[in-house]
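Peer 1: Sharing a structure, written as structure tokens. Questions coming.
Computed from the coordinates by the stated procedures, all read-outs in this text should not be read as laboratory data. Note that the coordinates shown come from a computational prediction; the quantities given were computed from them, not determined experimentally. Don't worry about glycine lacking a Cβ; one is built from the backbone with ideal geometry, like all the others, and counts go over all protein chains shown.
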Amino acid sequence: MDFATYQNLIDQTKQHCDDGVIAKFYDRLIKTDQTTKDGLPIFKSICYCEIRLRDNTSEIFDQPADSEKINRFPVEYARYQLAQTKTKDGTPLEEFAFLRSSEIEACKYRGVFSVEELADLSDEHAAELGLKEEVIKARQFITQSRKIKQGMDFATQEKKYLKQISELKAELASLKKSSKRRKKDEINS
């Protein structure tokens, strides 16, 4: 989604929101009564709606999302659904250890949901969104991740080569042993 489209979503939020009420949809893992074959508990992801009063941050209404909440806060729900789709294409910002929760929320509010998306922002767009430092951190993280992956790929390839060398050495030893036996048999015959 481009910046203009997401800005339109923010403008709609301002038009359709209840005065003094802020809503946020998110996923919460809930423990079920089921367990895996190893005896570990199975969790289910459930969409929740957190509702806060603008002037009273101590009162929070946090309940599973139902059709009433979705209809009452359609733009916030659309933002939640967008975040669900976007994070499937990359690393969720929550997995990026270098961002504080306030920075993650600022990114999401501006339509950036994955580390890759954050790193791909142009410098101009990052400045417009107030995410310059976050973009730098994301780019450094991705560069470092690529280097680590290259090292892991090299190590995997090296293991394959070492196994192949070991197999070839065993085959060579077998051939030498077979050759010696033949020579010995020729001498004895």
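Peer 1: With respect to the cross-link table entries K31/K69; K44/K69; K108/K132, which display a Cα-Cα separation exceeding 18 Å?
Peer 2: K31/K69; K44/K69
Peer 1: What distance in nm lies between label points placed 7 Å from Cα along the C-beta direction at S189 and Y109?
Peer 2: For the pair S189/Y109, the computed spacing is 9.0 nm.
Peer 1: Computed FRET efficiency, Cβ-Cβ of D120 and S178, R0 41 Å: what is it to the nearest 0.05?
Peer 2: Step by step, r from the Cβ atoms, then E = 0.10.
Peer 1: Here's another thing I want to ask about it. Label-point separation (nm) for T85 and I42, each offset 7 Å from Cα along Cα-to-Cβ?
Peer 2: The modelled label-to-label distance comes out at 2.9 nm.
Peer 1: Given the Cα-Cα distance of S67 and K147 and 0.36 nm per residue of separation, how much length would full extension add, in nm?
Peer 2: Length gained, S67 through K147: 24.2 nm.
Peer 1: Of the peptides 64-71, 106-113, how do they stack up when ordered by the mean number of other Cβ atoms within 10 Å, highest first?
Peer 2: 106-113, 64-71
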